[in-house]
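This report concerns only the one structure given below.
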């Protein structure tokens with residue numbers, strides 16, 4: 001019997017107010033952040049991959065693009081649009097953010113493996129601190145979206161149900177640093193090109209928890 005599929009979701013709808021333009025269109029080492037995010041999810045074993053757009057038109061090969069007309073309201077509405085677009089055969093979804101280019105595919109693989117072993121909620125952690133990506137089984141989606149208001153994604157649900165969360169250390173697989181400004185993105189690119197290991201580092205204060 002075939003294993004149930006796990007979809008990937010890339011939240012890429014924001015206008016990037018601090019960044020100066022939608023982050024989905026920003027270039028990172030020769031590819032857009034949207035392309036890189038989709039490649040991350042696909043390499044980690046998620047399929048299909050859903051990209052939620054809003055402030056900018058984004059067309060990524062190998063992904064299903066859905067538009068969130070209410071993108072100005074924040075991440076919550078984008079998460080609801082994404083989960084609503086996941087095909088019925090997917091039993092769970094891995095949620096990733098477009099502005100974290102140093103997260104590695106192995107983090108996605110670990111979340112999916114945990115789900116296949118029975119976890120209904122799995123969260124990547126770095127030095128023990130929960131960050132992204134996050135896996136959510138389909139049975140939780142209604143409550144997740146019901147709690148996702150404004151710029152809150154899965155975080156309210158995760159805080160309400162800590163007993164459900166399987167925390168997986170992923171500090172050896174990449175770094176959850178997010179790029180809030182072009183300078184941040186340039187610094188992350190410099191780290192990668194200088195072959196500095198994108199492993200355990202400080203956890204950025206700009207987004208202190210998952211989704």
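The values are calculated or read from the model by the stated rules, or taken from the named source; none is laboratory data. Every value quoted in this text rests on a predicted model; they were computed, and no experiment measured them. Reconstructed Cβ throughout: ideal geometry from the backbone, glycine too, with neighbour counts over all protein chains shown.
General remarks:
- Flag if residue 148 is over 16 Å from residue 40 (Cβ atoms), buried (at least 17 other Cβ atoms within 10 Å of the Cβ) and in contact with a strand residue (DSSP E or B) (Cβ under 6 Å, 6 or more places away or on another chain): no
- You will find that of 119, 96, 125, 92, the residue that is out of contact with any helix residue (DSSP H, G or I) (no Cβ under 9 Å at 6 or more places or on another chain) and either under 22 Å from residue 176 (Cβ atoms) or without any contact (Cβ under 8 Å) to a residue 40 or more places away in the chain (or both) is 125 and no other.
- Residue 66 vs. criteria buried (at least 24 other Cβ atoms within 10 Å of the Cβ) and free of Cβ contacts under 8 Å to residues at least 40 places away in the same chain: no
- Here residue 42 meets each of (1) touching a helix residue (DSSP H, G or I) at 6+ places or on another chain (Cβ under 9 Å); (2) buried (at least 17 other Cβ atoms within 10 Å of the Cβ); (3) in contact (Cβ under 8 Å) with a residue 40 or more places away in the chain with one exception, condition (3).
- Residue list for the range 113-136, filter: under 19 Å from residue 86 (Cβ atoms) and either surrounded by fewer than 20 Cβ atoms within 10 Å (Cβ to Cβ) or over 15 Å from the mean Cα position of the chain (by Cα) (or both): 114, 115, 116, 119, 120
- Exactly one residue among 14, 8, 30 is within 22 Å of residue 154 (Cα to Cα) and either touching a strand residue (DSSP E or B) at 6+ places or on another chain (Cβ under 7 Å) or without any contact (Cβ under 8 Å) to a residue 24 or more places away in the chain (or both), and that residue is 8.
- Hits in the range 69-89 (condition: over 17 Å from the mean Cα position of the chain (by Cα) and without any contact (Cβ under 8 Å) to a residue 60 or more places away in the chain): 69, 70, 72, 88
- The residues on offer are 48, 101, 105, and the sole one that is under 16 Å from the mean Cα position of the chain (by Cα), at pLDDT 95 or above and buried (at least 23 other Cβ atoms within 10 Å of the Cβ) is 101.
- First in the range 177-197 and on the phi > 0 side of the Ramachandran plot and surrounded by fewer than 16 Cβ atoms within 10 Å (Cβ to Cβ), second anywhere and modelled with pLDDT of 95 or more and not in a loop (DSSP other than H, G, I, E, B), Cβ under 6 Å, 6 or more apart: none
- Filter pass, residue 107 being over 20 Å from residue 159 (Cα atoms) and in contact with a strand residue (DSSP E or B) (Cβ under 9 Å, 6 or more places away or on another chain): yes
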